[in-house]
Protein chains: 2
Amino acid sequence: MAESQNKKDLAHARTKVSFNVKDMTNFLYQGAANVDQRRYIMDLVAKEPIFNKDDWGWLSHTDAVKRGIAMSTRLAELMMEHDLNDLDFATMMEAIDDTLPIVLHNGAFIPVITAQGTEEQIEKWIPPAQKFQIIGCYAQTELGHGSNLSCLETTATFIKETDEWEINSTTFTAAKWWIGGLGALCTHAVVQARLFIDGKDYGAHVFVVPLRSLDDHKPFPTVQVGDIGPKAYNGFNKMDNGFARFTKHRIPRENMLMRFSKVSRDGVFTKPPHAKLSYGSMVLLRSVLIKQMALYLSRATTVTTRYLTVRRQFNNPTTRNDADLNPGLETQVINYPMVQNRLFPMIAQAYALFAAGSVMMEMYINLMTSISTGNIDALAEVHAMSSALKSYCTTIGAAGTEESRKLMGGHGFSYFTGLAHLFASIVPSNTYEGDNYVLTQQMARYLLKEVKTARTSPEKVTPYSRYLLLALNKPAFERTTCAVARPEDWLKPEIQLAAFEHRCARLAFELSDAVDAAGADPANSKTWSDHNIECYRISHAHAQYTMVLWFIKAVKDAQDPAADEERRAEPASVKVLEILSNLHALHTIQTNLVDFVEDGYLSPAQCLSLRAQVKALVASLADDAIGLVDAFDHPDFLLNSALGASDGDAYKRLWEKAQTEPLNKREVCDGYEEYIRPLLKKHGDFKM
Amino acid sequence: MAESQNKKDLAHARTKVSFNVKDMTNFLYQGAANVDQRRYIMDLVAKEPIFNKDDWGWLSHTDAVKRGIAMSTRLAELMMEHDLNDLDFATMMEAIDDTLPIVLHNGAFIPVITAQGTEEQIEKWIPPAQKFQIIGCYAQTELGHGSNLSCLETTATFIKETDEWEINSTTFTAAKWWIGGLGALCTHAVVQARLFIDGKDYGAHVFVVPLRSLDDHKPFPTVQVGDIGPKAYNGFNKMDNGFARFTKHRIPRENMLMRFSKVSRDGVFTKPPHAKLSYGSMVLLRSVLIKQMALYLSRATTVTTRYLTVRRQFNNPTTRNDADLNPGLETQVINYPMVQNRLFPMIAQAYALFAAGSVMMEMYINLMTSISTGNIDALAEVHAMSSALKSYCTTIGAAGTEESRKLMGGHGFSYFTGLAHLFASIVPSNTYEGDNYVLTQQMARYLLKEVKTARTSPEKVTPYSRYLLLALNKPAFERTTCAVARPEDWLKPEIQLAAFEHRCARLAFELSDAVDAAGADPANSKTWSDHNIECYRISHAHAQYTMVLWFIKAVKDAQDPAADEERRAEPASVKVLEILSNLHALHTIQTNLVDFVEDGYLSPAQCLSLRAQVKALVASLADDAIGLVDAFDHPDFLLNSALGASDGDAYKRLWEKAQTEPLNKREVCDGYEEYIRPLLKKHGDFKM
């Protein structure tokens, strides 16, 4: 094989793409202006030497944290130099491609003080924070407690004599743990601690706590801080996830954030007027994660699609591609149907995730607008939706990345694919910001309320739960079957949506009936946890339904002259988007087929025709796959992948990357004299 | 929470176990002698300082390879000191718990020379290899080629003038790649290269190739060697997976292994009498992997079960356990049904894997005995079976390990769970020794032949494929439905097996019909790859069927007075084993439910009762879970897990492990003066 066969193969594959890649990119990012701005920020990062990724594969955690600190300070400077908005900052973090000690300064420290501090407190802390005269983190999780705030063991006891709080960690299980930025970088933290006055527990509240001296960065004597050690799969390697244990650490009374609860000089506690407004920030974090999954899964499928286009293995006479430039060569791996059927549905998922991320973010913005006018009607639904989608999307994001890596076969186990780093960055999202299993209870609780509403006031059911009305007439509902008569009926969006609606309605009512039969109460019950498996099922079913719905809607908008220009696409793009939308919907049904079959909604013949349609849709994407991943527009700097670079020169890059391995700087390995030579010579020389 | 609550919780959980843990351990390892010997070898490794694992979390690849070399040489010494048999060597590697540069010396270099060398060659190479005067590796894979031997680019050209071979890598894509031991340690390699005489290609053959000088370990001038760089997830970090590129590297003619093919002094090539006897070694490698998956998944579930027994979160009034010592504390996480329903089926899978590993190994041994008497009848079936089971078992092994890690929630992302290292060690097994997807074609091809046999000579169908006979009468077969009438019927092994047999028979005949309809030929066809998705389905279905069958059989043997004593278990153990066997069978059905439903074999009511049975079986294991994982008998040295140690002191160990993090040796982090201080002071001091 000539050295440039790889590049030729990729270039040739690009000639067969049926649509304008640039147009598709504009559709994905909702307009050329966004695409250009994203590229601009990516370039800004790429040209900074400190963000170079060449040696990431062999940094120890110790060296990585130092690098993380250097990257953090440069990032802080860039933020001040460029006055970045939130979107640009997100793009910058996307380009940097690793979480850094400083990210919670802007991501949590500043927002929490802004949200929960008084005007006076905001004025005191925010300007110096914005100028990085202080750097902060957010300390909630403890060694012994994660999400259960009411059982936190860190205490803040009011010392009336000195008008101070005494922050204390009674035992080491009270130590704050996992706190990003705490291990090395931060001077301050906002700390969640249970507030005590005169022995009375007022529950968890938030305090601004100085950690390290601003003179020499040494931790205060009453604060023990450190790094919690490396993470799974080398993930978050540059992050100084840290611990902090307080021993009667004194801070002024004014360091309690008092926008809501207040404590007076006399130690009088005043309750906040109303609680639960903090849901907004959880919705935001989860909505951002959905968008991130679109970016992550699109990166993973980009790398895999490009590499498998240039990887050839076995001289298989089944070469799919009559137009193959080199029929004498081995088959391009991407031409194997098994490979296509694993890979192309994930490309469709990535497209669907782009759509879902946009809709979810719009829902969040609309919610915030409503709340600011005092209307919190939508809060419950948006909160449930963001929970369900966070759970489902981060699950498929992590699983899809690992599946993409495995699709690359042997070389997929090299660090130089770039996908191991990606997976290690994604996978904690399955357990943070609400564990993906626990979180599904939110949507289930919401739907149980909607079932009650459907039964009593059907007109009040919200649009996304309207499918519940289908099941009000139980006998009629149970007789309902799928309308697919001919295989091509599967390609009708209304038939796809009807299937998802039927499934969701059935699962929601089954859950409701079971909960009622057991006399369970979702709020607080002896038996609620018995139903959590079913909560998981209905929540993921609802998430899939909305994903399918939103992608169908996005593709409809793409060809709607009345839609915003940024959401439209050329006819050639729309044609492929329709295939992707169909594949996404039908593949999702196929992957969860038992839910559609076990009550008789689908017949055996419909199952067969569904599987056949999925295969046919996959096959129809063969020539467009490379264009579909190019359209994600991920620059080589971001991918950081020897196998997935845009020129396709996979083998050459893998070879060259290996040459840079520090071990290869020596002709004879470290340890030869000490270990190898004595062993070889133990029984005398071998004469060749 | 007092410091020792963790330990109390674990100790208390152990008081409720219904069976004798030691008896269960003896059952799993087939006799107390094996259990003792395993512990003996584990202790031998544990007391060697070089095998200490405390700093593994922060070794860079550079340091890790040096460690790997030091561990390799000590391992070599131990092998010489103790004269270990294969089983003990396997246990030693299990205890060491990381692949090492030296493992392919005994694992491939010596076996390949022994199998393919002449008596003279064996006498020349094996004694010095056994004394480690030379150390070898096995070089097959290249940058551009993995499994397709016939397209290897490395050539061995006969130079008649000097009676030598010239080993050559024309381009860098011909470089040997991924070769364990090659990067730093080995002096020799057995190299697969295409043999050329007078311009004629005789295909891939094996050559003993010196790589490095025995005087100073420098690579020969005609050999370029090096390390290929780090691997995904820090996996194989101590292994010097290497590359080698040969530039007209000369070796004597006698270095070609000539037991089968031969080349004379005159350059005359003689073909081997018969090929394909190398299948045996593939069967062995795959069979060993199944046993390994039992050990790996049992480790993962041990860690998770112990940690979730001591982790308490939320003061949930649904505390399952009336006998809870501390009803006032939060609920132990293991008491949540959702957690149990994710975790306990994996414990059952681990038990089933123990059984499958044993049977597969027996099949291999029986096969080798037969082959040694000239009977190769069983080769095709055993080869197909080992392929199907390798694919299925390594898939659930890797997925189950990651699922176990995720079950631990936030702390599951710490390196100190031990499970990230475990996953990184397991997951390449999904793509090596035959990619898990490609490999399923072996079983499918075998079953297609068996379908033909069933149709023509039903009496000749082998026992494991006898289910095919069920489908010979198509109309009758299509009318067959599951015999479950009452929920407890699901607990009958014959009903479980009937369901798996029905599913396998249906899928096999569907595949056969589809292949026939398309005029496809599994051996070499234009359309064969169109059926590979269905190959994957039937192969995994068959693997699941045999796993269920073998576990049922093992539990039956456990209570059979006529069975070997080593295979028996006490009645209390048998009772729990029966639950595990039922759970394994029914959970496997539930996970693949659509295959049992889509043709009408199961009714909607049976689906419901199946799900209910799985839940009930899971719940019935609540008190025994800790005993079931203790019975795996994995010492703390092996688990290397702060969260899963045998005393349950999870928080304390996590705290203590963090204190050992090298970053914590400094009060102020590296990088403060250089990066942090200038940023903090840029806009002047902040006055607190």
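The values are calculated or read from the model by the stated rules, or taken from the named source; none is laboratory data. Note that this is a predicted model, so its numbers are computed, not measured. With ideal geometry, Cβ positions are generated from the backbone for all residues, glycine too; neighbour counts draw on all protein chains shown. Accessible surface areas use protein heavy atoms only, side chains included; no ligands, DNA or RNA. Shrake-Rupley method; radii C 1.70, N 1.55, O 1.52, S 1.80 Å.
Before moving on, here are some points about what is shown:
- Apart from one condition, B:Leu84 fits all of (1) within 12 Å of chain A (Cβ to nearest Cβ); (2) part of a loop (DSSP other than H, G, I, E, B); the exception is (1).
- The C-beta contact set for the stretch A:207-222 (first residue facing chain B (nearest Cβ under 9 Å) and farther than 9 Å from A:His249 by Cβ, second residue at pLDDT below 95 and assigned to a loop (DSSP other than H, G, I, E, B), distance under 6 angstrom, 6+ apart or interchain) comprises A:Lys218/B:Glu667.
- Residue that is most open to solvent (accessible area, probe 1.4 Å), among those in the stretch B:418-433 that are over 12 Å from the mean Cα position of the chain (by Cα) and more than 8 Å from chain A (Cβ to nearest Cβ): B:His421
- Among the residues here, A:Phe354 does not qualify as of a type outside the set (Lys, Arg), within 13 Å of another protein chain (Cβ to nearest Cβ) and either touching a Cys at 6+ places or on another chain (Cβ under 6 Å) or surrounded by 22 or more Cβ atoms within 10 Å (Cβ to Cβ) (or both).
- Residues satisfying the stated conditions in the stretch A:553-573, i.e. farther than 12 Å from A:Asp23 by Cβ and aliphatic (A, V, I, L, M): A:Ala554, A:Val555, A:Ala562, A:Ala563
- B:Val35 open to solvent by less than 60 Å² (accessible area, probe 1.4 Å), under 15 Å from B:Leu638 (Cα atoms) and out of contact with any strand residue (DSSP E or B) (no Cβ under 7 Å at 6 or more places or on another chain): yes
- Top-ranked residue of the stretch B:207-260 - restricted to ones that are modelled with pLDDT of 95 or more and of a type in the set (Lys, Arg), ranked as most open to solvent (accessible area, probe 1.4 Å): B:Lys248
- When residues of the stretch B:451-503 are limited to those that are more than 23 Å from B:Leu610 (Cβ to Cβ), within 30 Å of the chain's Cα centre (by Cα) and not β-branched (Val, Ile, Thr), the one most open to solvent (accessible area, probe 1.4 Å): B:Arg466
- Some residue of the stretch B:443-460 being among the acidic types (Asp, Glu), out of contact with any Cys (no Cβ under 9 Å at 6 or more places or on another chain), closer than 27 Å to B:Asn640 by Cα and modelled with pLDDT of 95 or more: no
Rundown of residues vs (1) among the acidic types (Asp, Glu); (2) not in a strand (DSSP E or B), yes/no style:
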position: A:Trp177; (1), (2): no, no
position: A:Leu182; (1), (2): no, yes
position: A:Ala193; (1), (2): no, no
position: A:Asp201; (1), (2): yes, no
position: A:Gln224; (1), (2): no, no
position: A:Tyr233; (1), (2): no, yes
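- The criterion of at least 2 residues that are charged (D, E, K, R) is met by the following helices (runs of 4 or more DSSP H) wholly inside the stretch B:419-492: B:440-456, B:474-479.
- For B:Gly242, the conditions (1) within 12 Å of another protein chain (Cβ to nearest Cβ); (2) in contact with a helix residue (DSSP H, G or I) (Cβ under 6 Å, 6 or more places away or on another chain); (3) not aliphatic (A, V, I, L, M) are fulfilled apart from (2).
- Residues (modelled with pLDDT under 90 and open to solvent by less than 10 Å² (accessible area, probe 1.4 Å)) located in the stretch B:266-312: B:Gly280, B:Val283
- Residues of the stretch A:129-155 that turn out to be facing another protein chain (nearest Cβ under 10 Å) and either among the small types (Gly, Ala, Ser) or over 16 Å from A:Gly434 (Cα atoms) (or both), as a count: 14
- When the stretch B:1-22 is filtered for residues that are assigned to a helix (DSSP H, G or I) and open to solvent by 20 Å² or more (accessible area, probe 1.4 Å), the ones remaining, listed by number, are B:Lys7, B:Lys8, B:Ala11, B:His12, B:Arg14, B:Thr15, B:Val21, B:Lys22.
- Residues of the stretch A:109-129 that turn out to be open to solvent by less than 10 Å² (accessible area, probe 1.4 Å) and within 30 Å of the chain's Cα centre (by Cα), as a count: 4
- Only one of A:Ser539, A:Ser512 that is under 30 Å from B:Phe314 (Cβ atoms), within 14 Å of chain B (Cβ to nearest Cβ) and among the small types (Gly, Ala, Ser): A:Ser539
- Elements of type helices (runs of 4 or more DSSP H) contained in the stretch A:553-669, each with 1 or more residues being polar (S, T, N, Q) and under 30 Å from B:Arg611 (Cα atoms): A:571-591, A:604-620
- Any chance A:Val45 is away from every other protein chain (no Cβ under 14 Å), surrounded by fewer than 20 Cβ atoms within 10 Å (Cβ to Cβ), in contact with a Phe, Trp or Tyr (Cβ under 6 Å, 6 or more places away or on another chain) and assigned to a helix (DSSP H, G or I): no
- So B:Ala70, is it in contact with a Gly (Cβ under 7 Å, 6 or more places away or on another chain) and within 30 Å of B:Pro128 (Cβ to Cβ): yes
- Test: B:Met42 is under 17 Å from B:Ala95 (Cα atoms) and at pLDDT 95 or above: yes
- Residue among A:Arg74, A:Arg67 that is in contact with a helix residue (DSSP H, G or I) (Cβ under 7 Å, 6 or more places away or on another chain), open to solvent by 40 Å² or more (accessible area, probe 1.4 Å) and not assigned by TED's automatic domain parsing to the domain that holds A:Phe423: A:Arg74
- Residue match in the stretch A:595-614 (condition: surrounded by 22 or more Cβ atoms within 10 Å (Cβ to Cβ) and more than 10 Å from every other protein chain (Cβ to nearest Cβ)): yes
- Every condition in (1) farther than 30 Å from B:Asp630 by Cβ; (2) of a type outside the set (Phe, Trp, Tyr); (3) more than 7 Å from chain A (Cβ to nearest Cβ); (4) open to solvent by less than 70 Å² (accessible area, probe 1.4 Å) is met by B:Arg666 except one, and the failing one is (4).
- Matching residues, the stretch B:672-688, being surrounded by 15 or more Cβ atoms within 10 Å (Cβ to Cβ) and at pLDDT 95 or above: B:Tyr672, B:Tyr675, B:Ile676, B:Arg677, B:Leu679, B:Leu680
- Checked against (1) open to solvent by less than 10 Å² (accessible area, probe 1.4 Å); (2) touching a His at 6+ places or on another chain (Cβ under 9 Å); (3) on the phi > 0 side of the Ramachandran plot, A:Leu654 passes all but a single condition, namely (3).
- Going through (1) modelled with pLDDT of 95 or more; (2) open to solvent by 40 Å² or more (accessible area, probe 1.4 Å); (3) under 19 Å from B:Asn341 (Cα atoms) one by one, A:Lys526 falls short only on (1).
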